[in-house]
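For reference, the structure discussed in these notes is given below.
Read-outs: derived from the displayed coordinates by stated rules, not from any lab. Computed from a predicted model, the values in this text were never measured in an experiment. Every residue, glycine among them, receives a Cβ derived from its backbone with ideal geometry; neighbour counts consider all protein chains shown.
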Amino acid sequence: MTEPFVQEFEARAGTATADGPEWLEPIRQAAMERFARSGFPTARDEEWRFTPIGPIVQGSWRAASGTSGELGREQLDSFIFGHPDWTTLVFVNGVFHDALSSVGPLPGGVRVASLAEALRSDGASIECHLARHAPVDGSPFTALNTALMREGGVVLVGAGVDLDMPVHLLQVSTAEAAGTVAHPRNLIVVERGARASVIESYVTLAPGRSYWTNPVTEVAVAAGAWLEHTRIQRESEAAFHVGLTQVDQARDSHYRSFSFAMGGALARHNLHVRLNDENIESLMYGLYLTRGEQVVDNHTAIYHDRPNCRSWEVYKGILDGRSRAVFNGKVFVQPEAQKTDAKQTNRNLLLSDGARVDTKPQLEIFADDVKCTHGATVGRLDDLARFYARSRGLSTSAAERLLTYAFAAEVAGEVALVPVREELDRLVFERLGSR
């Protein structure tokens, strides 16, 4: 089923001037050749055997055109966080919309722009990072994104800059997205000693529409830099979402990730973090809520390549109906990575008899002086805790809702940005109240 995408790529051949600088075209060409050779993964591929991508492979997808009908900013109010000075770039059905976006006051040394604009105006500023971190041989979906990428968000934070106002990259799908596929490509670069917070959202204004989002986000955190990265996936529950976040960290850097997923008929997120030097810290938190027939799949990989680094990973899931969750978390510790401190936990709460979890935390350790732990749990609400809540006068449903919320709040509370944390609290409460 690769042929339609190859034909789309060939139809765009020779448009390097319109779509970006000349140096990008060989990268796109190599990515499409890779995708054409490999095709989509199958159930025989170990990394994909629990991910039912059949509807994506068998679907007929048109390229997203950006058509949005009559869309006003007030329709996006429920998806936009925080202070009016926060910078928000809005992309509708795969295309940047300047009229819906807002760029707040930015300090010197900071650039926030759409990918298309960055490539047109100053492609050299991103040449050393764009398509340099996410390997196309890692996944056919990454290769396809690299070949067909045209739009996305670019956040460049110069050395020593403290970007005190977060940047929000908001991808919106409307009713016009039905039957289409978009390939958003985001690039976040935080230079030496800089600090930034970036929110990446995927939302819908058409809850019943089926479409496919295939995003890739590349993140480079330089020496001594600090980044908080929040990823929120609230797609239509009839849509498909397969995304990759690839992170490269340099010495003394700090990366803090929070991944929230509650949308999609099938939603998979690959988060790969590489610790390239000494004294690096990576904190990865995740929360996913499923219901009905939804499938949410989180694949994470942390590569400890150098000594004296720390990683902490906690992912939690709440499953209802006949939904299914997949968690596959890997920690690789190379022989040179002595004094590694790595902890990985996956906990899942089942609210129905039909819900199911496939969880597989993994450690591959080739060093002998390390502290590494991992674990996974799958279970139901504790009967004793439920009884205690009922003894305080709560109804059965209220007690269960309170205990379930407390389970989620333990990890949701790790979001440092207060407006974002409050919105996630509201979403969790709303979902639990709709049972």
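Data table
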| item | result |
| --- | --- |
| Distant-in-sequence amide H partners of PHE327 (H built 1.01 Å from N, under 5 Å) | ASN298, ASP358, THR359, LYS360 |
| Using θ = phi - 60° and Karplus 6.51 cos²θ - 1.76 cosθ + 1.60, couplings along segment 227-236 (whole Hz; Gly, Pro as x) | 9, 9, 10, 10, 10, 10, 10, 10, 5, 4 |
| Surrounding net charge for ALA99, when Lys and Arg each add one and Asp and Glu each subtract one, Cβ distance under 14 Å | -2 |
| 5 angstrom amide H check on THR217, placed H, neighbours 5+ away | ASN186, LEU244, THR245, GLN246 |
| Extended-chain gain in nm, criterion 0.36 nm per residue less alpha-carbon gap, ASP341 and ARG62 | 95.8 nm |
| Inter-label distance for GLU74 and ARG49, nm, one decimal - labels placed 7 Å from Cα along Cα-to-Cβ | 5.4 |
| Where chymotrypsin sites (Phe, Trp or Tyr not before Pro) in DSSP loops with at most 16 other Cβ within 10 Å are excluded, longest remaining stretch of the chain | 24-365 |
| Net charge dipole size for the chain [Lys, Arg +1 and Asp, Glu -1 on Cβ; Debye, nearest 20] | 1160 |
| Extended-chain gain in nm, criterion 0.36 nm per residue less alpha-carbon gap, GLU278 and SER38 | 82.9 nm |
| Whole-Hz ³J(HN,Hα) from phi, Karplus 6.51 cos²θ - 1.76 cosθ + 1.60, for segment 94-104, glycine and proline x | x, 10, 5, 10, 5, 5, 8, 8, 9, 10, x |
| Reference-scaled alpha-carbon Rg (2.2 N^0.38 Å with N residues) for the chain | 0.96 |
| Contour excess over end-to-end distance, with Cα ends at ASP368 and LEU394 and 0.36 nm allotted per residue | 4.3 nm |
| For segment 70-83, Karplus couplings with θ = phi - 60° (6.51, -1.76, 1.60), whole Hz, Gly/Pro x | 8, 10, x, 4, 4, 6, 9, 4, 6, 9, 9, 9, x, 6 |
| Anchor LYS360: aspartates and glutamates whose Cα lies under 19 Å away (excluding residues fewer than 8 positions away in-chain) | ASP45, GLU46, GLU47, ASP297, GLU313 |
| GLU117 paired with LEU402, simple spin-label distance in nm, labels 7 Å along Cα-to-beta-carbon | 4.9 |
